[in-house]
């Protein structure tokens, strides 16, 4: 997928984040810092990571600035409501930065934290892939806790199978 218009990208990104928000809303508040294994990301870590990596790495680098990502610890937001509010607040900050880009900016190079030049639209595409990766982790972790989750695209696998020839 090539991103050619910042307006269409912003619309698309809002739908991507909306899918993530729907599954984040399923996290039991008393389980926000649960992890399936000691030393691995908790639900809270994952949500804070999505917020901080979007805002302080992707948004900064596409704006021509170095990454300011400094982790995703509890010191940033603790408790379910605070973690969700943190995701929303940093998401709005990121959208404001992405909204300053022009269609022509999508074709210029930005620098990854490794110092590698990459076309801006490709870097934004990587952000979408990163979001989907971690959203999948949240779905899996909720499944381990037997927490019901919404279907990603409107129908469950079983519903698609029942409606298929």
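Brief remarks follow.
- Using C-alpha pairs below 8 Å separated by at least 6 residues, the relative contact order for the chain is 31 percent.
- log₁₀ of I(q)/I(0) at q = 0.11, 0.18, 0.20, 0.22 Å⁻¹ - the range 1-104, Debye sum with one point per alpha carbon: -0.37, -0.88, -1.03, -1.17
- Cβ crowding within 10 Å, taken as a proxy for footprinting-reagent exposure, orders 81, 2, 54, 131 from fewest neighbours to most as 2, 81, 131, 54.
- Cα long-axis angle, helix 43-53 against the chain (0 to 90 degrees, to the nearest 10): 10 degrees
- Taking the C-alpha atoms only, the angle from helix 80-98 to the longest principal axis of the chain is near 30 degrees.
- By the count of neighbouring beta-carbon atoms within 10 Å, fewest first, 13, 34 end up ordered 34, 13.
- Modelled FRET efficiency - R0 35 Å, residue 12 with residue 37, Cβ distances, 0.05 increments: 0.55
- For the range 128-165 versus the range 99-114, the spacing of their alpha-carbon centroids is 32 Å.
- Projected label points at residue 149 and residue 102, each 7 Å from Cα along the beta carbon direction, are separated by 4.1 nanometres.
- Relative to the longest principal axis of the Cα atoms of the chain, the long axis of helix 120-144 lies at roughly 10 degrees.
- Ratio Rg/Rh [Cα only; Rh per Kirkwood] for the range 67-165: 1.06
- Nearest-0.05 FRET efficiency for residue 2 and residue 112, computed from C-beta distance (R0 25 Å): 0.85
- Neighbour-count ranking [beta-carbon atoms within 10 angstrom, fewest first] of 26, 110: 26, 110
Read the figures in this text as sums done on the coordinates, not as results from a lab. Model, not experiment: these values are computed from the prediction. Note that each Cβ is placed from the backbone with ideal geometry, even for glycine, and that neighbours are counted across all protein chains shown.
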